[in-house]
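Only the coordinates and a few stated rules stand behind these numbers; no lab work does. Since the structure is predicted, the reported quantities are computational estimates derived from the model, not experimental observations. For neighbour counting, all protein chains shown are included, and Cβ atoms are generated from backbone atoms with ideal geometry for every residue, glycine included.
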Amino acid sequence: MKKIFHYLKTTIKKIKYSGPDYARSLGVEVGEGCRILTTNFGSEPWLIKIGNKVTITSGVKLLTHDGAAWLVEDEKGRREHFSRVDIGNNVFIGINSIVMPGVVIEDNVIVAAGSVVTKSVPSGSIVGGNPAKIIGRFEDYKQKALDTFVSRKEMDFSLGFKERIDQVIDPEIKKYLQ
């Protein structure tokens, strides 16, 4: 009965709160202007700190303990290892990425989809892979986006979502969508 009540309580929280509010309700420290699309904050969510203007996409897992330590035992008993996860400002974490215990992700960082972040990430980096490695610079991505991506001001918001996207898509790609 206790498990059923806990499950219902958790499910209601997920429905009731937005992503950042849900994270805060679990004890995660969340900054301003965040988009949080995951509900997986592990068993120690109070060990997670998220800065301002952070996007955490769906399927992302933020881990704050090393479960394998449970296998190590001596006369003092089983071992436990807990560690914080700190995410700076202006960070994007791509779908289904995993951030391991003790990782600090500094400011202006992009984590590519499916990455496993095992070490701290310095400011201004783009990381990807398993384990995640630096694959680019945030400033280069930013310049490319400013030079080549459509701005929201260029989009016609009187149109529906699909029509709005179809209107601004690269003409070379449009022919493949017909």
Listed residue (Gln143, Gly27, Ser123) projecting farthest to the positive dipole end of the chain, Cβ model:
Gly27
Please work out which option in (i) -0.43, -0.98, -1.13, -1.19; (ii) -0.33, -0.86, -1.06, -1.16; (iii) -0.28, -0.80, -1.04, -1.17 gives log10 I(q)/I(0) by the Debye sum over Cα atoms at q = 0.09, 0.15, 0.17, 0.18 Å⁻¹ calculated from these coordinates, and answer with its label.
(i)
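How large is the dipole of the stretch 2-138 about the Cα centre if only Lys and Arg carry +1 and Asp and Glu carry -1, each at its Cβ, rounded to the nearest 20 debye? Walk me through the numbers on the way to the answer.
On the way: 18 positive and 12 negative charges, 106 e Å.
Once rounded to the nearest 20, the dipole reads 500 debye.
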